[in-house]
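**Student:** One structure is given below, represented as structure tokens, and several questions about it will come after.
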Ligand code: EPZ
């Protein structure tokens, strides 16, 4: 099993090229099920979850090929879904990546039936899918759950609905948006999630011939089409990957330019890091927007409170990373996790590195600055792993991060990108992603 070995205490200086967004790529891959024509998706991050989703699509009767791009951190997928008699997303794939639930809406819309394993919970929470199923039932789907599988079918086409989600949900918005693209009539989705990845999915659907109004707002209006066509689409840059590297510099000091990221997708983090004392500048680069972050060695950080919220609030996927930053800030930082019920597993591991913090339910209290010293820590989920790497970059001495298959699910070339800005970090152990 791979592990990362980090010698901490070295500032980060140089440039990092941000890869495509995993959480945009996954729904965009699922959207390829909506047409028999080839869909070419580029700027996909070369991470395990993308390969898993391609395997799920292949199990559902999709011709799929993956080609490496650039330095090998991005992939281009060419997909054509002729479909299969009895589309089934198998448990052994779905259990490794709960985003497989995103094939349910497209399969029902295209083929009128689907069998998808219930994703089950994960380290950060129960992760129910009731919001997805309720909306699909309102669209006419008959849904039965047995033996851990969702069995769904609809006679004829799904029907358009005027639907208000009782809770903001990224995945439910994406699933129903894709289902509505082929439904009969005009669907209105209210209290829809606003995450940029949903805007990217909507853009792809429009490029496939869908008619969607209200992109970027909480009310989406989708005129169902009889069929959609193929297209080529590059997914947006990964705001969470970019935010992770910004947190790494905020914690470990240095001066780094991020290429190809979208500052508008990171406003809440940029504002927070500026308020701690980091200097952030935005400019136009050769291939897209750039962000530069500076924190001089020895410069004190101001502690700040954080509450995670749906976009444009502070993203839950950066909560663990910012906790690692606040272990270095002067004073007390209160961090409230407003989205998931169990997303503080990184806290105990940060304590092992010397962080001074306490958690109580959805709240963590971090006191800093703490002198971190290297030791072996264990990754428990994707973003917790990133927080441990950030803390390892700060800790004096050697930190070993175990179980980094969690990291490989969502970060393309993390150790190589950090080596490129001077981090002493190596991957050891066999096995490739
Ligand atoms: C997406 O998960 C992301 N994953 C998550 O990123 C991210 O943390 C999350 O959105 C919130 O931003 C992908 O895009 C693949 P939700 P998703 O539905 O869609 C509850 C990462 O690290 N809920 O917005 O599953 C749910 O329990 C991952 O990249 C229901 O109650 O999140 C949670 O409390 C982790 N019923 C809240 O809503 C439902 O049917 C928000 O979940 C669905 C969700």
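The values are calculated or read from the model by the stated rules, or taken from the named source; none is laboratory data. This one's a predicted model, so the numbers in the text were calculated from it and none came from an experiment. Neighbour counts are summed over all protein chains in view; Cβ atoms, including those assigned to glycine, are modelled from backbone coordinates with ideal geometry.
**Student:** Being touching a strand residue (DSSP E or B) at 6+ places or on another chain (Cβ under 9 Å) and crowded, with 20+ Cβ neighbours inside 10 Å narrows it down to one residue among 386, 391; which is it?
**Tutor:** Working: 386 fails: touching a strand residue (DSSP E or B) at 6+ places or on another chain (Cβ under 9 Å).
391 is the lone residue from the list that is touching a strand residue (DSSP E or B) at 6+ places or on another chain (Cβ under 9 Å) and crowded, with 20+ Cβ neighbours inside 10 Å.
**Student:** So which residues in segment 309-330 are in a loop (DSSP other than H, G, I, E, B) and free of Cβ contacts under 8 Å to residues at least 40 places away in the same chain? Reasoning before the result, please.
**Tutor:** Of segment 309-330, the ones in a loop (DSSP other than H, G, I, E, B) are 309-313, 315, 327-328.
Hit for segment 309-330 is 309, nothing else.
**Student:** So which residues in segment 71-115 are in a strand (DSSP E or B) and either closer than 18 Å to residue 145 by Cβ or at pLDDT below 95 (or both), if there are any at all?
**Tutor:** So the first thing to find is which residues in segment 71-115 are in a strand (DSSP E or B), and the list is 74-81, 88-89, 113-115.
Once the filter is applied, which keeps residues that are in a strand (DSSP E or B) and either closer than 18 Å to residue 145 by Cβ or at pLDDT below 95 (or both), segment 71-115 yields 88, 89, 113, 114, 115.
**Student:** Separate question: Restricting attention to segment 282-294, which residues are touching a helix residue (DSSP H, G or I) at 6+ places or on another chain (Cβ under 9 Å), surrounded by fewer than 18 Cβ atoms within 10 Å (Cβ to Cβ) and within 19 Å of residue 390 (Cα to Cα)?
**Tutor:** 294
**Student:** Moving on to the next point. From 384, 364, grab the single residue that is over 30 Å from residue 217 (Cβ atoms), more than 16 Å from the ligand (Cβ to nearest atom) and at pLDDT 95 or above. Before the answer, list the steps.
**Tutor:** Details: 384 fails: more than 16 Å from the ligand (Cβ to nearest atom).
Matching residue, one of 384, 364: 364.
**Student:** What do you reckon, is residue 176 touching a strand residue (DSSP E or B) at 6+ places or on another chain (Cβ under 7 Å) and either more than 14 Å from the ligand (Cβ to nearest atom) or closer than 20 Å to residue 20 by Cβ (or both)? It would help to see each step written out before you state the result.
**Tutor:** Details: touching a strand residue (DSSP E or B) at 6+ places or on another chain (Cβ under 7 Å): yes; either more than 14 Å from the ligand (Cβ to nearest atom) or closer than 20 Å to residue 20 by Cβ (or both): no.
Judged against the criteria, residue 176 is not a match.
The rows are residues; the columns are (1) away from the ligand (no atom under 16 Å from the Cβ); (2) in contact (Cβ under 8 Å) with a residue 12 or more places away in the chain; (3) in contact with a strand residue (DSSP E or B) (Cβ under 8 Å, 6 or more places away or on another chain); (4) under 24 Å from residue 113 (Cα atoms).
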| site | (1), (2), (3), (4) |
| --- | --- |
| 3 | yes, yes, yes, no |
| 7 | yes, yes, yes, no |
| 21 | no, yes, yes, no |
| 24 | no, yes, no, no |
| 49 | no, yes, no, no |
| 52 | no, yes, no, yes |
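**Student:** Away from the ligand (no atom under 16 Å from the Cβ), buried (at least 17 other Cβ atoms within 10 Å of the Cβ) and under 22 Å from residue 226 (Cα atoms): does that describe residue 75? Can you show your working first?
**Tutor:** Details: away from the ligand (no atom under 16 Å from the Cβ): yes; buried (at least 17 other Cβ atoms within 10 Å of the Cβ): yes; under 22 Å from residue 226 (Cα atoms): no.
So residue 75 does not fit the description; no.
**Student:** Kindly check whether there is at least one residue in segment 113-134 that is assigned by TED's automatic domain parsing to the domain that holds residue 204, in contact with a strand residue (DSSP E or B) (Cβ under 8 Å, 6 or more places away or on another chain), crowded, with 21+ Cβ neighbours inside 10 Å and closer than 21 Å to residue 231 by Cα.
**Tutor:** So far as segment 113-134 goes, no, none of its residues is assigned by TED's automatic domain parsing to the domain that holds residue 204, in contact with a strand residue (DSSP E or B) (Cβ under 8 Å, 6 or more places away or on another chain), crowded, with 21+ Cβ neighbours inside 10 Å and closer than 21 Å to residue 231 by Cα.
**Student:** Let me ask you something else. With 400, 365 as the choices, which residue is assigned by TED's automatic domain parsing to the domain that holds residue 249, closer than 24 Å to residue 11 by Cβ and assigned to a strand (DSSP E or B)?
**Tutor:** Of the residues listed, the single one that is assigned by TED's automatic domain parsing to the domain that holds residue 249, closer than 24 Å to residue 11 by Cβ and assigned to a strand (DSSP E or B) is 400.
**Student:** Where residues in segment 295-308 are in contact with a helix residue (DSSP H, G or I) (Cβ under 7 Å, 6 or more places away or on another chain) and in a loop (DSSP other than H, G, I, E, B), which of them is nearest to the ligand (Cβ to nearest atom)? Reasoning before the result, please.
**Tutor:** Pass one, segment 295-308, residues in contact with a helix residue (DSSP H, G or I) (Cβ under 7 Å, 6 or more places away or on another chain): 295, 301-304, 306, 308.
Filter once more, keeping what is in a loop (DSSP other than H, G, I, E, B): 303-304.
Details: 303: 24, 304: 21 Å.
Step by step, filter segment 295-308, then rank; the result is 304.
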